[in-house]
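What follows draws every value from the coordinates through simple rules; no lab data is involved. Note that the structure is predicted; figures quoted are calculated from it, not measured. All Cβ positions, even for glycine, are placed from backbone atoms using ideal geometry, and neighbour counts span all protein chains on display.
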Amino acid sequence: MNNGYLDKVIAQKKQWREAKQQKTRDRDAKFVTVSSEPIKDLYTPDDSQDVDFFEDIGFPGEFPYTRGIHHNMYRGRLWTMRQFAGFGMAKDTNERFKYLLEHGQDGLSVAFDLPTLMGVDSDDPKSEGEVGTCGVAIDSLADMEVLFEGIPLDKISTSMTINSPAAILLAFYICVAEKQGVPQEKLRGTLQNDILKEYTAQKEFIFPPEPSMRIIVDSVEYCTKHVPMWNTISISGYHIREAGSTAVQELAFTLADGFAYVEACIERGLDIDEFAPRFSHFFNSHIDFFEEIAKFRAARRIYAKRMRYKYGAKNEKSWKLRFHTQTAGCSLTGQQPENNIIRTAFEAMAGVLGGTQSLHTNSLDETWALPSEYAAKIALRTQQIIAYETGVVNTIDPFAGSYFMESLTNKMEQEAEEYFERIDALGGVIPAIEKGFFQRDIAKAARKYQDEIEAKDRLIVGVNSHKEKDEKLDIPILRIDEKVTKEQIDSLNKMKTGRNQVSVDESLNQLREAARDGSNLMPRFIECAKAYATIGEMIDVLKVEFGVYKEPIIF
Amino acid sequence: MEKKIRVLVGKAGLDGHDRGAKVIASALRDAGFEVIYSGLHQTPEMIVEAALQEDVDVIGLSILSGAHMTLFPKIKKLMEEKGMNDVLLTGGGIIPPDDAKALEEQGTGKLFGPGSESGEIIAYIKDWVAKNRS
């Protein structure tokens, strides 16, 4: 772009702004994003003058993938509509899975209960009150067999949201498939398996960071050889954002975690072009429409450049940032819950315009309980309306070239790079976790957001504006039957009496040996699974070997 | 000098959602309270023991895991066993209004759901302490 042209734009913008100030007055409001980033009243070519079309924007399916990872994006295939579900016992969730598949959902996504996520069995005193409440209760392979009963694992892809005990659940999945006659080479799905964000955001950690990283690299190494279509890690910003971070923090911390996994796998001696194509990402889509779209575009560009130039990946598949999106649970309100349908629709559309590969839309009732069937269906329908009615899928990356969008995308990239420098200066992601760096920044952002709401600098409809007098909650609420705990414990005890205790003990001993001698733990988890050892039994063995993590207290 | 109100902000059970607990803990601290944050993954026994050791006026529990109908009554019972009848048990999280009502009828203090402001919580605690702690 020649300078004469830009000079003219800048000169005319100055005149326009003077005229604007003479003739009009902006409302008394703060024009900032949901992350408190100030936004200008108008963007013109000079705001995006640093953007080079060929280097920074380019074409879909081509480096640096700012416009999307596929040449045809949604003109080829729509995103996968993947609703996260799980509650009660395995048989309850199995029914919900079948219901969702009957209503046009493409893939499964399992929510586990907290005992499962934390590696304790349902009969452990720590599990009291939590069995089956925020996900499905899984204690052993026996439960997993019920969970996928009648669901052909060679035809469906499954995402499993689990981290500390992720490798164990993958072992269960491999065993269920084997029983169905499906070889592990054919399995498609995703394991979240992202421990780093547990220390900074979701807080479902068990072991200290170093041994946790070892288990993850073990699972990546195993899948690269034996389960080649499996997405081994879903590097997640979702929880970082839910914990209160800004959009830039979500972007930077998530990508930094991903690069830490890349480095750990390289250190193990794995070939980047063999493991990196199976890494995927998982982002939040919050309520600030343009900021979110810019975040997704910036994420693809940063990732592609680093994977290619810093880590030397040569396979194009290693450069492409594939991601799942979930709308922001933290943007939903308990007040006038029906309004959450609208919030979720805007957030989902930002995810689609940002080029997501799969999407979960939250249900209107999630600030009160797990979704009812009624609410879950509306959430799925929201995606179908975006896909089939709105027309946003017709053209690829429609915001490209917008002065505003390109300048915002650039700014997010720059700010993320600044964070990478700060993390490097602290010695990398794990030392930064141990120093509380991420936790402190996230807590600060969360507090700021709450203060803005309380000061009414930020308005949330139904919460601090447009409130309804004497509002009564009038939506169906899903209740988990209190009998679940007892039934689950009974079923666990019954399973234990029927198994061969000698093989259980033998497989657990071998797991302990492997933990000590540094050999890959995955084959050991599979053997334990086949002997019907429970998650708690396996994790307890590893707790003795690896220790447990205590986090620094920061608030 | 007026005695500072002492509050234990607690996370009981396996729930790791600590955004709300930390926001409230820091807001109470800024409002002049003495705040102790339990950290994550505490058992009811650990919470009550810490409250006793720290001689707090108030226990504020944050529960987003759905385990509130188990954890609040259990902690209340342990408090009664330890003679902590002049200590307020309050809290918040993902708690449907019917459950909050049922817990309040069983002797738990007011529970604060999504969208609550720290100002209401601060005022409620100050008022309760003024009326119930001498």
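Listing for the model above:
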quantity	calculated
Magnitude of the charge dipole, the range B:6-132, Cβ model with Lys/Arg +1 and Asp/Glu -1, debye to 20	140
Between the range B:87-134 and the range A:191-217, the Cα center-to-center distance that results, in Å	34
Spacing of the two label points (7 Å from each Cα toward its C-beta) at A:Lys472 and A:Lys225, in nm	6.4
Degrees separating the helix A:289-305 axis from the principal Cα axis of chain A, which is the longest one	70
Projected label distance in nm at A:Lys314 and A:Lys543, using a 7 Å step from Cα toward the beta-carbon	4.7
Listed residue pairs exceeding 27 Å between alpha carbons, taken from A:Lys320/A:Lys435; A:Lys40/B:Lys22; A:Lys550/B:Lys4; B:Lys77/B:Lys126; A:Lys197/A:Lys444	A:Lys320/A:Lys435; A:Lys40/B:Lys22; A:Lys550/B:Lys4
Of every Cα-Cα pair in the range A:12-90, the percent that sits beyond 18 Å	71
Local electrostatic count at A:Lys483 - Lys and Arg +1, Asp and Glu -1, tallied over other residues with Cβ under 12 Å	-3
Given charges at beta-carbon only (K, R positive; D, E negative), |dipole| of chain A in Debye	1220
Built amide H within the under 5 Å cut-off of A:His281, gap 5+	A:Ile235, A:Arg322, A:Phe323, A:His324
C-alpha center-to-center spacing [the range A:142-172, the range A:252-317] in angstrom	25
Positive-pole candidate from B:Leu71, B:Ile59, B:Leu111, dipole of chain B, charges at beta carbon	B:Ile59
Size of electric dipole in the range A:153-293: Cβ of Lys, Arg +1 and of Asp, Glu -1, about Cα centre, debye, nearest 20	500
Within straight-line cross-link reach of A:Lys469, lysines at Cα separation under 23 Å, skipping those fewer than 8 residues along the same chain	A:Lys456, B:Lys101, B:Lys110
Integer Hz, Karplus 6.51/-1.76/1.60 couplings in order for the range B:118-134, x for Gly and Pro	4, x, 5, 5, 4, 5, 4, 5, 4, 5, 4, 5, 4, 7, 10, 10, 10
Once exposed loop GluC sites (Glu not before Pro) are cut out (DSSP; at most 16 other Cβ, 10 Å), longest piece of chain B	B:55-116
Inter-site label distance for A:Asn72 and A:Glu18 at 7 Å from Cα along Cβ, in nm	5.4
Principal axis dimensions, largest first and in whole angstrom, of chain B by Cα	41, 33, 27
Relative contact order [Cα under 8 Å, 6+ residues apart], chain A, whole percent	18
B:Asn85/A:Glu482 FRET efficiency (R0 22 Å; Cβ-Cβ; nearest 0.05)	0.20
Percent RCO, i.e. relative contact order, over the range B:6-132, from Cα pairs under 8 Å lying at least 6 residues apart	26
Global form of the range A:392-455, assessed from the alpha-carbon gyration tensor, a/c cut-off 1.5	oblate
Computed log₁₀ I(q)/I(0) - Debye formula, equal Cα scatterers, no solvent, the range A:174-289, q 0.20 Å⁻¹	-1.07
Column: log10 I(q)/I(0), Debye, Cα scatterers of chain A, q = 0.06, 0.08, 0.09 Å⁻¹	-0.30, -0.54, -0.68
